[in-house]
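Below you'll find the structure, written out as structure tokens, and then a few comments.
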Amino acid sequence: MSESEKSPTGAEPRAASLGADVSRRDFLSEVGFAALGIAGLGAAVVTYRYLSPNVLFEPSTTFRAGNPDRYPVNSVTYLADQQVYIVRTKDGFHAVSAVCTHLGCITQWKPEADQIACPCHGSKFRADGTKIEGPAPLSLPHFSITLTADGELRVDKLETAKPTQALRV
Ligand code: FES
């Protein structure tokens, strides 16, 4: 470097300034790449979540209620995991919903009164689900009940049945 390029202080300001610019540029460039990387990663996550199916795993609406011999004649058996009563009369089997038709509370079988009662607002039903009293607008619905090939009761909660329809075994 010649004497004419030096600053009045004798330092080399141009070279020092150039070095500071390059490192600042490198720094900003790295920050920019990092920001792009983070944005790209975010976009990839959002795209993956958008493309993956939204599957809601709900319990099956069809279930096996076991061997018919499990239910004595003239009995009401509450299956808590399915919220269904298996009602066996001398005419056969019925699957009656335990969900109250008023506001959806779970009813309870009261053997001493021979009734199904709703604890929420006092609706009462006969063992076959027929409404006796209370604010419930309808009787308890019956579900389709059939026999499987291997002799077990099978209830389909998506298919309603007439209360007069009993499964004879
Ligand atoms: S929810 Fe059963 S009577 Fe109201």
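Scanning the stretch 112-123 for residues that are more than 7 Å from the ligand (Cβ to nearest atom), over 20 Å from Q82 (Cα atoms) and open to solvent by 60 Å² or more (accessible area, probe 1.4 Å) yields E112, D114.
Could we say that A98 is within 22 Å of A166 (Cα to Cα), out of contact with any Cys (no Cβ under 9 Å at 6 or more places or on another chain) and surrounded by fewer than 18 Cβ atoms within 10 Å (Cβ to Cβ) here?
Numbers: within 22 Å of A166 (Cα to Cα): yes; out of contact with any Cys (no Cβ under 9 Å at 6 or more places or on another chain): yes; surrounded by fewer than 18 Cβ atoms within 10 Å (Cβ to Cβ): no.
Judged against the criteria, A98 is not a match.
Checking each residue in the stretch 107-126 for being more than 27 Å from the chain's Cα centre (by Cα), of a type outside the set (F, W, Y) and not in a loop (DSSP other than H, G, I, E, B) picks out K110, Q115, I116, A117, K124, R126.
Scanning the stretch 47-58 for residues that are of a type outside the set (S, T, N, Q) and either under 17 Å from S144 (Cα atoms) or open to solvent by less than 100 Å² (accessible area, probe 1.4 Å) (or both) returns a single hit, V55. Being closer than 18 Å to H142 by Cβ, open to solvent by 50 Å² or more (accessible area, probe 1.4 Å) and out of contact with any Pro (no Cβ under 9 Å at 6 or more places or on another chain) is a description that applies to N74. If you go through the stretch 59-71 and keep only what is open to solvent by 80 Å² or more (accessible area, probe 1.4 Å) and at pLDDT below 95, you end up with just P59. Name every residue in the stretch 127-147 that is more than 14 Å from the ligand (Cβ to nearest atom), surrounded by 16 or more Cβ atoms within 10 Å (Cβ to Cβ) and in a strand (DSSP E or B), in order of residue number. Selection gives H142, F143, S144, I145.
Within the stretch 108-126, being without any contact (Cβ under 8 Å) to a residue 12 or more places away in the chain and in contact with a Gly (Cβ under 6 Å, 6 or more places away or on another chain) holds for one residue alone: K124.
The values are calculated or read from the model by the stated rules, or taken from the named source; none is laboratory data. The structure displayed is predicted, hence computed values, not measured ones. FYI the Cβ positions are ideal-geometry reconstructions off the backbone, even for glycines, and counts take in every protein chain you see. Note: accessible area is taken over every heavy atom of the protein model, side chains too, but ligands, DNA and RNA are not part of it. Shrake-Rupley method; radii C 1.70, N 1.55, O 1.52, S 1.80 Å.
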